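Student: There's a structure below that I have some questions on.
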Amino acid sequence: MVHKAVISKRLLQRRGGLSNSIQPALDGAAVIGITWGLVVHYIGGFTPDYTILLLLLLGLLAMAYDKFGIYRSNSNFTGKTFNLFKSWSITFLALVVLAFLTKTSEIYSRLLVGQLYLLGLSSQILLHYLVRLAYQKISEHSQQVEKVIIVGQGSLSNYLKFRISNNPWMREQIVGTVLLPGQTASLLTAEDTDAEKPAEEANAILGDIDDLSMLIEKHDIAKVYIVTPLESSDVVDKLYRTLLDKYVSIHWIPDIFSLRLVNHSVKEISGIPVLTLSETPLIGTKLLTKSIVDLAMTVLILAAISPILLAVAIAVKLDSPGPVFFRQKRAGWNGKTFRIWKFRSMYVHQEDGGKLKQAEKNDSRITRVGAFIRKTSLDELPQLFNVLTGDMSLVGPRPHAVQHDQEYSQRIFDYFARHNIKPGITGLAQVRGLRGETKDINQMIQRIEADIEYINNWSVWLDLTVLVRTTLVFTGKNAY
């Protein structure tokens, strides 16, 4: 039975503050003011066309700012500046694509749009810097530093200490760590060496949970973070009952990061907190955004490379008997199968014993033209038609043959996690050189890790980055 208190107040809340009130208002006012000034200067006054431009700009910026957490992250200004740059670049790219598709690009002044991008981005960076500076100055004089204890140790606990110690927006001082049952102080030095090191005083071991009440009074503690590994979650109930009458803020951080998470997030259902461990990033407007970008860019690419497609098709047909295209079942998004398009690069043959064999170096099955188009990845170009039909994306994990999926899924436990997004013509693994024949299982594991990294960090900006990098690594030593 769900307690009434759970549904009477939302448990997941965004903290109030400058990032959720003043900052967005200043940003919006700056965008509107700069747009108005430029339009008046160059056009003489607002027209319906420029009104639409302004509304689209504000709407797309709102989505981009939400995607990059512009108002949710305040730790590193260099990172914030880069996220602002990405948000503005993606927004203006989307505006250019929309103008091209609607054949309205000639309506707008290119000089005006260029200056709007530069002045708008510059104003946002300046405003975020000034607001940050003002908040820090005010906090230094008005906000009392809260003393904090971390309950539990490990890589997640160390990361939490590092983030708190290095975040100027958090007026918190970590006094030290209290150990959970079964943990010993000696374990602290055996943590992952890649984890950031927190401040020395934050690493101090103050005792175990039996000492917690005494330590809270001794150090005048205002806040307690409970960091529990999955196997120790049962201790939270005891700790909560102990801390409830100590007049301290209590925060629970379950260590779910020992699992291979896929696009994880925290949500709520009617006020009930939900930890999402695995989910596709293509939800709602994100799916629409990726589909629009795929469709627009695919149409442009097909228009540009149609002579190349024709030339390759003729070469394949003249080089050896058989069809121009090769069709094969592949597993796609959510495991649904589709038939992939490729230029045929091998002689028509029957697989030995019905077992699918990967292409290898000096493979006798590969034709002369096939060797060239595989080396240059031209054999993959017909997959643009799979993008048009919605079975694939320009960027995503490469779809493997169904038989290979069945084989590798038995040897790699999180193999099928790569199907949480549309498969792509190119992907993060491919631009890192993880393509072609996989001679041992470790090579496939590296591909899977890159695919899951892509899913966890998907954005339009990442897609564009991968596409640009693909043109730079169009050929490779593993392509045969």
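Taken together, the values in this text are just the output of simple stated rules run on the coordinates, not laboratory data. All of these numbers come straight from a predicted model, not from anything done at the bench. Note that we place each Cβ from the backbone using ideal geometry, even for glycine, and neighbour counts take in every protein chain shown.
Student: Could you please report the charge total around Ile452, scoring K, R as +1 and D, E as -1 over all other residues with beta-carbon less than 15 angstrom from its beta-carbon?
Tutor: Result for the local shell: +1.
Student: Return the loop-located trypsin sites (Lys or Arg not before Pro) in the stretch 62-161 (DSSP other than H, G, I, E, B) with at most 15 other Cβ atoms within 10 Å of their own Cβ; answer none if there are none.
Tutor: Those that pass, being in a loop and sparsely packed, are Arg72, Lys103.
Student: Rank Gly433, Gln410, Pro399 by how far each Cα sits towards the positive end of the charge dipole of the stretch 390-458 (+1 on Lys, Arg Cβ; -1 on Asp, Glu Cβ) and give me just the farthest.
Tutor: Value computed over the given set: Gly433.
Student: Pulled fully out, how much extra length does the chain show between Thr51 and Tyr247, if you take 0.36 nm times their separation in residues and subtract their Cα-Cα distance?
Tutor: That works out to 65.2 nm of additional length.
Student: List the chymotrypsin sites (Phe, Trp or Tyr not before Pro) within the stretch 378-413 that DSSP assigns to loop and that have no more than 12 neighbouring Cβ atoms inside 10 Å.
Tutor: Phe413
Student: What residues have an amide H closer than 5 Å to that of Glu268, excluding those fewer than 5 places away on the same chain, when H is modeled at 1.01 Å from N in the peptide plane?
Tutor: For Glu268, the qualifying residues are Val274.
Student: What are the ³J(HN,Hα) couplings of the stretch 281-288, residue after residue, when phi is run through the Karplus curve with 6.51, -1.76, 1.60 and θ = phi - 60°? Round to Hz, x for glycine and proline.
Tutor: Listing the rounded values in order: x, 8, 10, x, 5, 5, 5, 4 Hz.
Student: Could you list, bin by bin from short to long, the percent of Cα-Cα pairs of the stretch 27-161 in 5 Å steps?
Tutor: P(r) over the stretch 27-161, rounded to whole percents: 2, 8, 16, 18, 15, 12, 9, 7, 5, 4, 3, 2, 0.
Student: Which cross-chain or sequence-distant (5 or more) residues have an amide H under 5 Å from the amide H of Thr228, H modelled 1.01 Å from N in plane?
Tutor: Residues meeting the criterion, in which the H sits 1.01 Å from N, are Ile253, Asp255.
Student: Moving on. Over the stretch 285-472, what per residue volume does the convex hull of the Cα atoms give, in whole Å³?
Tutor: Dividing the Cα hull volume of the stretch 285-472 by its residues yields 119 Å³.
Student: Next question, about the same structure. Taking 32 Å as the cut-off for C-alpha to C-alpha distance, list the pairs among Lys103/Lys375; Lys80/Lys342; Lys86/Lys267 that go past it.
Tutor: Lys103/Lys375; Lys80/Lys342
Student: Do me a favour and compute the ellipsoid semi-axes for the stretch 245-294 from its Cα gyration tensor, root of five times each eigenvalue, largest one first, whole Å.
Tutor: Equivalent-ellipsoid dimensions as semi-axes: 32, 15, 9 Å.
Student: I would also like to ask the following. Out of the chymotrypsin sites (Phe, Trp or Tyr not before Pro) in the stretch 442-475, which ones are loop residues according to DSSP with at most 14 other C-beta atoms within 10 Å?
Tutor: Those that pass, being in a loop and sparsely packed, are Phe474.
Student: Express in whole angstrom the spacing between the alpha-carbon centres of the stretch 246-322 and the stretch 163-184.
Tutor: With the stretch 246-322 and the stretch 163-184 each reduced to a Cα centre, they are spaced 35 Å.
Student: Can you list residues whose amide H is under 5 Å from Phe326's amide H, if they're 5+ apart or on another chain and H is modeled 1.01 Å from N?
Tutor: Lys342, Phe343, Arg344
Student: Quote to one decimal, in nm, the extra length available between Phe372 and Leu130 on full extension: 0.36 nm per residue of separation minus the C-alpha distance between them.
Tutor: Gain on stretching Phe372 to Leu130: 81.5 nm.
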